[in-house]
2 protein chains.
Amino acid sequence: MHQEFLQKAIDLAVESAKSGQGGPYGAVVVKDKRVIAASGNKVISHIDPTAHAEVMAIRLACKELNDFQLPGCILYSSCEPCPMCLGAIYWARLAKVYFACSRYDAAAANFDDSFIYDEISVLPHQRRIAMLHLNLPNAMQPFKVWAEKNDKVLY
Amino acid sequence: MHQEFLQKAIDLAVESAKSGQGGPYGAVVVKDKRVIAASGNKVISHIDPTAHAEVMAIRLACKELNDFQLPGCILYSSCEPCPMCLGAIYWARLAKVYFACSRYDAAAANFDDSFIYDEISVLPHQRRIAMLHLNLPNAMQPFKVWAEKNDKVLY
């Protein structure tokens with residue numbers, strides 16, 4: 001069963017690469033053995049660098065289930081998720097992930113997945129894209145407002 | 001100047017928390033000292049766990065510039081980007097990032113940023129959301145199609 005859903009993700013990846021909509025990636029979200037959402041990579045067609053297959057499938061599944069979290073859902077991805085997609089998987093609170101290719105396969109095809117993984121362990125200000133902390137007096141104000149909000153929706 | 005743009009991101013974060021549209025986060029994309037796009041966190045209102053302020057601002061900036069990459073642009077974020085947003089920043093090829101609060105401030109407010117950073121260094125199959133490799137005979141097919149495609153758009 002897992003193989004079948006993962007095969008669907010691979011088929012979507014082939015389709016995405018052939019069509020020119022985006023890179024050679026595909027992903028499927030499954031709940032109770034039923035496909036809830038599926039997508040190829042849409043970076044090119046959506047003019048959106050965040051439109052990776054996993055992010056797209058998660059967004060579509062959330063719309064389908066009318067929920068910003070996906071507990072009990074499994075993600076099948078044609079390739080090991082990049083750090084962005086890994087983050088999306090945690091925020092969506094998926095149950096499990098199955099993948100076919102690795103970040104090193106992606107690197108061999110000139111995609112940055114492995115490079116971005118390496119950058120995470122570099123100190124923020126020393127990264128290739130420098131991430132610099134600025135000290136502002138009211139930096140904590142948003143968290144204070146959040147803490148005091150009684151009717152907040154937790155996510 | 002950097003302080004001013006970062007203050008705008010903080011103001012958006014306060015607004016986002018107050019309005020209930022999402023968590024207490026805000027982000028601004030600037031090019032040539034001009035604001036191209038700005039957004040608060042929209043996870044709740046968009047029913048989308050990927051609608052973090054940074055991802056939203058990047059998506060909006062790409063629409064504005066009609067480009068899926070943002071070279072020469074600077075991102076200002078009210079808080080250190082989580083791994084998902086860090087990935088988005090690399091895929092968008094931003095020039096630099098300035099942030100006000102840290103992942104530890106976010107953790108103190110019960111957000112998972114720091115936890116997700118820690119999960120990245122755990123072996124995929126041992127993570128809290130297990131990521132399992134399945135060996136499929138045609139796993140590399142998408143990358144083969146991509147390699148052979150002459151008119152592909154690189155990203």
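Within straight-line reach of residue B:31, meaning a Cα separation under 17 Å, sit the following aspartates and glutamates at least 8 residues removed in sequence or on another chain: B:4, B:54, B:64, B:67. In the assembly of identical copies, residue A:128 has its label point, taken 7 Å from Cα in the direction of the beta carbon, separated from the corresponding points by 3.0 nm (ascending, one decimal). Based on Cα contacts under 8 Å between residues 6+ apart, chain B shows a relative contact order of 16 percent. Along its principal axes, the range B:42-155 has C-alpha extents of 46, 40, 27 angstrom, given from the largest down. When its C-alpha radius of gyration is set against 2.2 N^0.38 Å (N residues), the range B:67-115 gives a value of 1.21. Electrostatic tally near residue B:4: other residues with Cβ closer than 13 Å to its Cβ, Lys and Arg +1, Asp and Glu -1, net +2.
Computed over the alpha carbons of the protein assembly as shown, Rg followed by Dmax gives 18.4, 57 Å.
Name the trypsin sites (Lys or Arg not before Pro) in the range B:1-55 that are in a loop by DSSP and that have at most 12 other C-beta atoms within 10 Å, would you? Write out the running numbers ahead of the final one.
Working: sites: B:8, B:18, B:31, B:33, B:34, B:42; in loops: B:33, B:42.
Sites meeting the loop and neighbour criteria: B:33.
Sorted shortest first, the distances from the residue A:1 label point to those of the same residue in the other copies are 5.8 nm; each point sits 7 Å from Cα along Cα-to-Cβ.
The alpha carbon centroids of the range A:84-128 and the range A:1-68 are separated by 17 Å.
In nanometers and ordered shortest first, the copy-to-copy spacing of the residue B:33 label point, defined 7 Å from Cα toward Cβ, is 6.4. For residue A:149, the lysines whose Cα falls under 16 Å of its own Cα, not counting residues fewer than eight places away in the same chain, are B:18.
Given +1 at the Cβ of Lys and Arg, -1 at the Cβ of Asp and Glu and no other charges, the dipole of the protein assembly as shown around its Cα centre is 260 debye to the nearest 20. Mean per-residue shielding of peptide B:112-119 is 3, counting Cβ atoms of other chains within 10 Å of each Cβ.
For the range B:93-147, the alpha-carbon radius of gyration amounts to 1.75 times the rule-of-thumb value 2.2 N^0.38 Å expected for a compact globular protein. By the Cβ-Cβ criterion of under 4.7 Å, the unpaired cysteines of chain A are A:62, A:73, A:82, A:85. Here's how it looks for residue A:98: its modeled amide H is under 5 Å from those of A:75, A:76, A:77, B:132, which are all 5 or more places away or on a different chain.
Where does the range A:1-60 land on Rg(C-alpha)/(2.2 N^0.38 Å)? Don't skip to the answer; put the middle values down first.
Working: Rg = 11.0 Å, N = 60, 2.2 N^0.38 = 10.4 Å.
Cα-based Rg divided by the globular estimate yields 1.05.
The numbers here are math on the coordinates, done by the rules we state, and not lab data. Owing to the predicted nature of the structure, the values given are computational and were not obtained by experimental measurement. All Cβ positions, glycine included, derive from the backbone under ideal geometry; neighbour counts span all protein chains shown.
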